[in-house]
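All remarks here apply to the structure that follows.
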Amino acid sequence: MNLSGKKILIGITGGIAAYKALELIRMYKRAGAEVKAVLTDNALEFVTPLTVQTLTTNKVYINNFDTSNYSPEHISLCDWSDIFVIAPATANTIAKIANGICDNLLTSLALAYTKPFLIAPAMNCNMYNNTITQENISKLKNKGYNFVEPETGYLACGAEGTGRLADLNTIYLRTVELLNPIKILSGKKVLITAGGTVEKIDPVRYISNFSSGKMGLALANCANNMGADVTLISTFKADVSYKNIVVQSAEEMLSAVKSEMDRNDCIIMAAAVADWKIKNYNQQKVKKTDADNWNIELVKNPDILKTICNIRQNNTPIIVGFSAESENLLENAEKKIKNKGCDYIIANDISKQNSGFGSDYNEVYIIDRNLNKIFIEHAPKEIIAKSIMETIFEQAGTNIKVGSVCS
Ligand code: CTP
């Protein structure tokens, strides 16, 4: 992807992930961008100005009161750049930006910045999960700041949780998207389902599955970035700017999908729908008895994907299903596309480590009705989502009349 002529201002704050910003600078430079870097004092504990200067081939900006330039730097750097990317962004810097504090050059730039803004947080998981940080992030998102969510895994501090700087490819790709806002799905309506349905046993108990909803959310965000009018039907409340209908059970999801389906050009069923529900929901909490066993009778849930494929007219909207398999991936997925009657099936192997259910990563096959297959290799779900959207909308273009991309 060519970034030739683009001017990227990268902000580096004081976290251990600061060293990764160096590679990000190289990625931007390799793609032809011009890069300038602004560092906080704490960032200097982790990376040296000489390294950053050598990689950016530009002066490094650190403090507010440099007299070498008659124009205040927080204004001149804003004017100069096309995008401001803060990677890594500490909890401290996020908190300052969210509250309009500008006590160093980086935060002064942030307050004065009016162009696309991208923040990639990195911190200890407890700092990240703290509601104060989460509220700061939500506040900034609501004001239009873009975020690349941190990953979950082992952190430099020894803890395990969410807080590791996002994969550099993801940050890079998001930068490219923000710099090239080609809205190839402009005018298109896309409905996406996400999350695992919850089937209640009584007011305190339920059965469900391990789906995190991350793949569906990544698809919805991607479609939104591509300019589509997105409706996300999910089993969790998503912090998004587009329409989000929250449901719990498969029955609720079916009725929401049915009522929305006609206004959409494409439906992607990424939700993990429970195949079974409790036959007789208990209105009151079931009390523990002396019995060693409790037999719960289950009855079949509706198959949402199959139902909407059956009731659609003239093969519209385009319908995409997922196939979550722990064995015989392709064989089962091929059976599923035929049995459900959808146009594409996205097959993913949920038994793989660091992939699929609950993970930030995935690897999938996109299978069409003629059983042609495209393999999308292991990557963050945001990147998988982009590949899926591009493949489906390019291939199915004539049916869903996607403007420029297919013409
Ligand atoms: N699906 C659905 N309604 C159901 C079950 C699944 O709409 N009651 C959809 C899912 O959203 C997914 C596709 O069907 O797009 C395949 O789901 P999956 O769980 O892989 O397969 P199942 O049809 O449930 O079959 P099995 O559990 O036997 O693999």
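Values computed for the structure shown
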| quantity | calculated |
| --- | --- |
| Positions within region 205-232 being β-branched (Val, Ile, Thr) and either without any contact (Cβ under 8 Å) to a residue 60 or more places away in the chain or part of a loop (DSSP other than H, G, I, E, B) (or both), in sequence order | 230, 231 |
| Filter result for the condition that a residue is open to solvent by less than 90 Å² (accessible area, probe 1.4 Å), within 11 Å of the ligand (Cβ to nearest atom) and not hydrophobic (A, V, I, L, M, F, W, C), over 306, 300, 335 | 306 |
| Any hit, region 66-80, residues being modelled with pLDDT of 95 or more, in a loop (DSSP other than H, G, I, E, B) and either at positive phi or not aromatic (Phe, Trp, Tyr) (or both) | no |
| Strands (runs of 3 or more DSSP E) fully within region 117-189 counting 1 or more residues that are hydroxyl-bearing (Ser, Thr, Tyr) | 151-154, 160-164 |
| Yes/no for residue 278 being of a type in the set (Val, Ile, Thr), open to solvent by less than 10 Å² (accessible area, probe 1.4 Å) and within 16 Å of the ligand (Cβ to nearest atom) | no |
| Of all residues making up region 309-321, the number that are closer than 30 Å to residue 281 by Cα and either more than 9 Å from the ligand (Cβ to nearest atom) or hydrophobic (A, V, I, L, M, F, W, C) (or both) | 3 |
| Test for residue 324: is it near the ligand (Cβ under 10 Å from one of its atoms) and open to solvent by 40 Å² or more (accessible area, probe 1.4 Å) | yes |
| Residue that is open to solvent by less than 30 Å² (accessible area, probe 1.4 Å), within 16 Å of the ligand (Cβ to nearest atom), aromatic (Phe, Trp, Tyr) and not assigned by TED's automatic domain parsing to the domain that holds residue 152, where the choices are 344, 365 | 344 |
| From 237, 188, residue being out of contact with any helix residue (DSSP H, G or I) (no Cβ under 9 Å at 6 or more places or on another chain) and basic (Lys, Arg) | 237 |
| Given (1) touching a Lys or Arg at 6+ places or on another chain (Cβ under 6 Å); (2) buried (at least 19 other Cβ atoms within 10 Å of the Cβ); (3) aromatic (Phe, Trp, Tyr), index of the condition residue 206 fails | (2) |
| Counted residues, region 262-275 - those being surrounded by fewer than 19 Cβ atoms within 10 Å (Cβ to Cβ) and more than 12 Å from the ligand (Cβ to nearest atom) | 2 |
| Matching residues, region 8-45, being open to solvent by 10 Å² or more (accessible area, probe 1.4 Å) and under 11 Å from residue 56 (Cβ atoms) | 22, 26, 29, 34, 36 |
| Matching option when the condition is farther than 19 Å from residue 212 by Cβ and surrounded by 14 or more Cβ atoms within 10 Å (Cβ to Cβ), among 392, 350, 384, 376 | 392 |
| Selection count where residues are touching a Phe, Trp or Tyr at 6+ places or on another chain (Cβ under 9 Å) and more than 15 Å from residue 122 (Cα to Cα), scope region 11-44 | 9 |
| Number of positions in region 156-169 that are touching a helix residue (DSSP H, G or I) at 6+ places or on another chain (Cβ under 6 Å) and surrounded by 20 or more Cβ atoms within 10 Å (Cβ to Cβ) | 2 |
| Of all residues making up region 209-243, the number that are open to solvent by 40 Å² or more (accessible area, probe 1.4 Å) and of a type outside the set (A, V, I, L, M, F, W, C) | 11 |
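The values are calculated or read from the model by the stated rules, or taken from the named source; none is laboratory data. For clarity, every value in this text was computed on a predicted model and none was experimentally measured. Heads up, the Cβs are rebuilt from the backbone with ideal geometry, glycines too, and the neighbour counts pull from every protein chain shown. Accessible surface areas use protein heavy atoms only, side chains included; no ligands, DNA or RNA. Shrake-Rupley method; radii C 1.70, N 1.55, O 1.52, S 1.80 Å.
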